[in-house]
């Protein structure tokens, strides 16, 4: 079957993202060092983040609000103004962090774009994701961009129908098993997992190693040859 469309995740597939969150986690724990230990602070922040996903969605802004909420909970509503100020500063720094494509991304996308329709499919804050794509210099390689609130089976079916020839003639590539791999396969697409050095715990599930439409690649540089082999 001929592949016509290749979907690509953004954060931690095309550029760094989770490393910034981990560094900010550590910074947050340092701000609350007089109140609680780092393990407790991280566990509570993770709990609050999960609780808030349905309200704030994914991205730096929701994460910043969750840090403020966690700080208030851990201090019984008495978080100093200086701590809140530092949390807001950390969020602003994350939003203004330079964007640099990961190794091999430029070449792989340029090669794929010669034959296939490329679609960016990513979660997160609309404005921030648009800014990161523009800053990456990769925008012209994509035929379409979809910034969605959630990546589920219906999302992939809809996106690949809208911008391609259906999920059965599409590939999805990303670093997240939960968001990029499993729902894409359930939608009928092929899926390639390109691991990143860090993965948010919310996105961790077992990979479907025996699935006939799945492949795990060592780097995105292998993606063009793998997609080509499917045809």
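The values are calculated or read from the model by the stated rules, or taken from the named source; none is laboratory data. In this text the structure is predicted, and so the values were computed from the model without any measurement. Cβ: placed from backbone, ideal geometry, glycine included. Neighbour counts: every protein chain shown.
Here is how the numbers come out for the structure above:
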quantity: Yes/no for residue 94 being at pLDDT 95 or above and part of a helix (DSSP H, G or I); calculated: no
quantity: Where residue 197 falls short, out of the listed (1) surrounded by 15 or more Cβ atoms within 10 Å (Cβ to Cβ); (2) touching a residue at least 40 places away in the same chain (Cβ under 8 Å); calculated: (1)
quantity: Residue list for the stretch 204-215, restricted to those being touching a helix residue (DSSP H, G or I) at 6+ places or on another chain (Cβ under 9 Å) and under 21 Å from residue 167 (Cα atoms); calculated: 207, 208, 211, 213, 214, 215
quantity: So residue 73, is it at pLDDT 95 or above, surrounded by fewer than 15 Cβ atoms within 10 Å (Cβ to Cβ) and not assigned by TED's automatic domain parsing to the domain that holds residue 122; calculated: yes
quantity: Check on residue 55, at pLDDT 95 or above, within 18 Å of residue 123 (Cβ to Cβ) and assigned to a helix (DSSP H, G or I); calculated: no
quantity: Any pair with Cβ under 7 angstrom, 6 or more apart, that starts in the stretch 103-129 at a residue that is at positive phi and touching a residue at least 40 places away in the same chain (Cβ under 8 Å) and ends at one that is surrounded by 17 or more Cβ atoms within 10 Å (Cβ to Cβ) and part of a helix (DSSP H, G or I); calculated: 104/220
quantity: All positions within the stretch 153-167 that are in contact (Cβ under 8 Å) with a residue 60 or more places away in the chain and surrounded by 16 or more Cβ atoms within 10 Å (Cβ to Cβ); calculated: 156, 159, 160, 163, 164
quantity: Failed criterion for residue 186 (all others in (1) over 17 Å from residue 105 (Cα atoms); (2) at pLDDT below 95 hold); calculated: (2)
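Here is a yes/no grid of residues against (1) touching a helix residue (DSSP H, G or I) at 6+ places or on another chain (Cβ under 8 Å); (2) crowded, with 16+ Cβ neighbours inside 10 Å; (3) in contact (Cβ under 8 Å) with a residue 60 or more places away in the chain:
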{"position": "2", "(1), (2), (3)": "yes, no, yes"}
{"position": "10", "(1), (2), (3)": "yes, yes, yes"}
{"position": "13", "(1), (2), (3)": "yes, yes, yes"}
{"position": "18", "(1), (2), (3)": "no, yes, yes"}
{"position": "25", "(1), (2), (3)": "yes, yes, no"}
{"position": "38", "(1), (2), (3)": "yes, no, no"}
{"position": "50", "(1), (2), (3)": "yes, no, yes"}
{"position": "61", "(1), (2), (3)": "yes, yes, yes"}
